[in-house]
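Heads up: the structure comes next, in C-alpha cells.
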Amino acid sequence: MKDIIILGIESSCDETSAAVVKNGRQVLSNVISSQVSLHQKYGGVVPEIASRKHVELIMPVIHQGLEEAGITFDQIDAIGVTYGPGLVGALLVGLSAAKALAFALDKPLVGVHHIEGHIAANYIEHSQLEPPFVCLVASGGHSHIVYVEDYDRFEIMGKTRDDAAGEAFDKVARAVGLGYPGGPLIDKAAKTGNSKAIAFPRVVFKDGSLDFSFSGLKTAVLNYLNTMEQKGEKYSVEDVCASFQAAVVDVLTDNLIAAAQIKGTNKVALAGGVAANSLLRSELLNKAKSHGFEFYYPKPVLCTDNAAMIAAAAYYEFIKGKTSDLYLNAVPGLKLGER
C-alpha cells in the first residue's frame, strides 16, 4: 500500500503551524510559531494582530515544515487545512495559502474541522486507538464531549452553554493577577494550593444533560475575590486557583465518564489545550481506572493548536474520498459534523 503524505496547515487562532504527516499517524515535522508573547500585554488574543502575524509567518512556516520532514511539494498527496471554527481573519490566512498551493501544485485540498483535528491528535499519540470512543475536547474556545463513532462520524453529547473551560481559566487567571495564558499559570499556582479551601459550585443540570456551564463558577470566583477585598481580608491566590481548578475538573471528568457509560464504550480520550492540565489528566486517569476504562491523551505539544493534528484528520477524510474545492471558505462558527 502506498504511503500517503499530507501537508497540514493550521491558523485558527494565534499559532501559525505547518506539519507533514505520513499515513495519518507518523509525524515527519510539526512546526508551530506561537504568538503568546505578542498578546500577553493585552490579556488575550487580539484578532487583527493575530491575522497580520499569520500573513507574515505562513509561508516561512510551511517551507520549514517541508524542510524538516525532508519532503518536497511534489511528494505531497494532499493539503489539509483548518477552515473553522476560529477567528475569521486568522482562518483566512491559512486557508488562502492552502488553496493557492493546491491550485499551483494540482493537489487535492481537504478542509478540516478544528475540533476533529484535536480529536485526531490522539491517533498520532496512540497508534492502536481506533473508534468508537468518547473524547473530551477542552480548549479556550470549546468544551465538547464527542462520541467518535468512526473517523468521520461524530455525535456531540455535551457542550458548553456559556464560557468554555479554557476561557474560564483565562478570566480567573486575569482576576487573580496571574496574566495570560491562564491555563498553565493556574495549573502551576494550584499545585501549592488547597483545593478544598473554598467551596466553589459544580453545575449539574437536572435534566441529565452532559452540557457544561462555567459562567456561574467564574462569577463565584469573582464574587469571592470582591468580598475578600471589601472586607480587607487577605486570600491565597494558590487556594483560589486550586479550588477553582478542582471545580472545573470535577465536572469535566464526571461528564466524560457518564458519556462513556451511556455509549457502552470502555475507551475515553482527552484533547485540546486544557488537556495539558495536570489535574485533569490525573483525575481522568484515576476515574478511568476505577471504571475499567482505557484512557488516551496526547502529549502537551499535540494539545496546542498544531498542524500535525490537522494533517492526521485530513488523512482520514482523504482516504474516504472527501476533498474540498477551491471555493472553500472560512467558517468561524462551524459546527462539528458540518461540511
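The values are calculated or read from the model by the stated rules, or taken from the named source; none is laboratory data. Here the structure is a predicted model, which means the values were calculated and not measured. A quick note on method: Cβ atoms are made from the backbone with ideal geometry, for glycine too, and the neighbour counts reach across all protein chains shown.
Only residues that are at pLDDT below 95 and in contact with a Phe, Trp or Tyr (Cβ under 9 Å, 6 or more places away or on another chain) were counted across region 226-247, and they come to 3.
Set side by side, the residues Glu155, Glu130, Glu116 differ, and just one is touching a strand residue (DSSP E or B) at 6+ places or on another chain (Cβ under 8 Å), farther than 27 Å from Ala242 by Cβ and surrounded by fewer than 16 Cβ atoms within 10 Å (Cβ to Cβ), which is Glu155. Residue count for region 138-149, restricted to those that are out of contact with any Lys or Arg (no Cβ under 6 Å at 6 or more places or on another chain) and modelled with pLDDT under 95: 6. Restricting the first member to region 310-339 and to residues that are under 20 Å from Thr16 (Cα atoms) and assigned by TED's automatic domain parsing to the domain that holds Ala78, and the second to residues that are among the acidic types (Asp, Glu) and not in a loop (DSSP other than H, G, I, E, B), the beta-carbon pairs closer than 7 Å and six or more apart or on different chains are Ile310/Glu10; Ala313/Glu116. When only residues in region 259-297 that are over 21 Å from the mean Cα position of the chain (by Cα), in contact (Cβ under 8 Å) with a residue 24 or more places away in the chain and surrounded by fewer than 19 Cβ atoms within 10 Å (Cβ to Cβ) count, which is nearest to Ala165 (Cα to Cα)? The residue in question is Lys287.
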